[in-house]
Amino acid sequence: MDPADELVEVVDAHGNVERLTTRSRMRAETLRHRSTYIVVRRTSGALVVHRRADWKDVNPGLWDIAFGGVAGVGEPWPEAAERELAEEAGLTDQILEPIGSGSYDEDDGRIVARVYLVVSDDALSCDDGEVVELAEVKAEEVHTWLSAHEVCADSLMIVLPLLA
């Protein structure tokens, strides 16, 4: 199936499902949907960041401070986070700690989010092609790194406050 034809949930500001639509329509009409964000930290405290593939339909080529993506229809939050972490970073069997929730309501997207933290020194593998570059940023250098890179606005708004 073409990913653009995949069904996604359109939700209200509280994450309650209103109806289903295709991913392409959700993007075209900037409809609110559920997404997960998974922060990966090393035991040293370093933050794992990544650059998104240029072919992505949202934020192509930008850096991101969290892995994640759109939750599937009826998919519970934790399972969506586990799936996204496995797909994008190749990490499985991790302890996902819920660290908060948030929302993003801008011209480029409308999102109800749940954010999780994984602390792991396991090797990451980005085999599905959604992630094209990885880096680790020391905790004390995150703000300097952010000022030098173009980073996904939704992650900055939703995730960054939860990292403080």
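Here are the numbers for this structure:
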item	result
Order of 33, 14 - criterion: other Cβ atoms within 10 Å of each residue's Cβ, fewest first	14, 33
Solvent-free Debye scattering, log10 I(q)/I(0), computed from the Cα coordinates of the range 75-164 at q = 0.20, 0.21, 0.23 Å⁻¹	-1.29, -1.41, -1.57
Distance between modelled label sites at residue 153 and residue 1, nm, 7 Å Cα→Cβ extension	3.0 nm
Over the range 1-93, equivalent-ellipsoid semi-axes from the Cα gyration tensor in Å	24, 16, 12
The range 58-94 and the range 95-164: distance between their alpha carbon centers, rounded to Å	11 Å
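Computed from the coordinates by the stated procedures, all read-outs in this text should not be read as laboratory data. This structure is a prediction, so every number in the text was calculated from the model and none was measured. Here Cβ is always computed from backbone atoms with ideal geometry, including for glycine, and neighbour counts include all displayed protein chains.
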